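A short write-up of the structure that comes next.
The values are calculated or read from the model by the stated rules, or taken from the named source; none is laboratory data. Small disclaimer: the values here were computed from a predicted structure and weren't measured. Every residue, glycine as well, gets a Cβ built from its backbone with ideal geometry; the counts of neighbours run over all protein chains shown.
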Amino acid sequence: SKRIKTLSVSRPIIYGNTAKKMGDHKPANAPVEHTHLWTIFVRDPRGEDISYYIKKVVFKLHETYPNHTRVVEAPPFELTETGWGEFDVNIKIYFIDEANEKQLNFYHRLRLHPYDNQANSDSTEINEAGETIIKSVFFDEVVFNEPHENFFQILMSK
Ligand code: SLL
């Protein structure tokens, strides 16, 4: 299909990670030196399904992880792991074939410890169980410039 000139469509997105100390509740298969449980994710700010325009998300972890390229081909586009250290996660977002768009490619610093970030709200919260949860979450927007007609229909159908 043709591209629609002079049009751009954007969709809100959030990405980032949460983490907590494992204490005594370590998963049975976690190496002893692992201290934290974390989840990295790409999702809609209101929790809507984003798989109508996102095909898969690839999270490339630090090389200390076995099989450090992790492919998530269905929602939720997230990955939970254990570990001991912070590192930069390479995130690639692939769009559905109809989009004819190149994947988005960026980095997110995995946070396990409280930190200062002006661009972010508080980096910690206490959950119902009284545990401290570290959060490093960013709000962004995916912009499609001059989308293909088919893809535009799909974007507008939600
Ligand atoms: C560094 N930032 O500069 C660190 C690297 C690597 C973290 C952190 C677990 C790996 C595993 C893990 O937490 N790696 O045991 O599978 O060197």
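Here are some notes:
- Qualifying residue in the range 43-56 (condition: within 16 Å of the ligand (Cβ to nearest atom) and not polar (S, T, N, Q)): no
- Just one of the listed residues (GLY23, GLY16) is at positive phi, more than 13 Å from the ligand (Cβ to nearest atom) and at pLDDT 95 or above, and it is GLY16.
- Looking across the range 71-117, the residues that are in a helix (DSSP H, G or I) and either farther than 23 Å from GLY47 by Cβ or within 16 Å of the ligand (Cβ to nearest atom) (or both) come down to ASP97, GLU98.
- Subset tally (residues that are more than 16 Å from LYS56 (Cα to Cα), of a type in the set (D, E, K, R) and crowded, with 17+ Cβ neighbours inside 10 Å) for the range 78-99: 2
- Taking the criterion of being part of a loop (DSSP other than H, G, I, E, B), within 18 Å of PHE144 (Cβ to Cβ) and in contact (Cβ under 8 Å) with a residue 40 or more places away in the chain, the residues of the range 10-57 that qualify are PRO45, GLU48, TYR52, TYR53.
- Being buried (at least 17 other Cβ atoms within 10 Å of the Cβ) and among the β-branched types (Val, Ile, Thr) holds for only one residue in ILE133, ILE50, and it is ILE50.
- Boolean, THR39 is within 16 Å of the ligand (Cβ to nearest atom) and not aromatic (Phe, Trp, Tyr): yes
- Meets criteria (surrounded by fewer than 13 Cβ atoms within 10 Å (Cβ to Cβ) and either farther than 29 Å from LYS21 by Cα or charged (D, E, K, R) (or both)) for LYS102: yes
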